[in-house]
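This report refers to the structure that appears directly beneath it.
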Amino acid sequence: MAISKTATLTFRIDPSLKEALRIAASLDHRSIANMIEVLIRNHCEQRGIAISGSEKRSGER
């Protein structure tokens, strides 16, 4: 499967949330970026929000 281009997302977050994210990503053996992507995909799936080209990428569970 060919991976499409990615987009850059820059935002500010409370340092304590970033640390919690880092820990969560580490426990799942993921990068922070991949953890954010998984969290967004799970949130959208739970709410019935379609993501175009939403085939699971390698590393997703």
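The values are calculated or read from the model by the stated rules, or taken from the named source; none is laboratory data. Quick caveat: nothing in here was measured; it's all calculated off a predicted structure. We place every Cβ from the backbone using ideal geometry, glycine too, and count neighbours over all the protein chains shown.
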query: So, of the residues in the range 21-56 that are modelled with pLDDT of 95 or more and of a type in the set (Lys, Arg), which turns out to be nearest to SER4 (Cα to Cα)?
result: ARG41
field: Pairs where the first residue, in the range 11-30, is in contact (Cβ under 8 Å) with a residue 60 or more places away in the chain and surrounded by fewer than 10 Cβ atoms within 10 Å (Cβ to Cβ) and the second is assigned to a loop (DSSP other than H, G, I, E, B) and of a type in the set (S, T, N, Q), C-beta under 9 Å, 6+ apart
entry: none
query: Taking the range 1-45 on its own, how many of its residues are of a type in the set (A, V, I, L, M) and under 11 Å from the mean Cα position of the chain (by Cα)?
result: 9
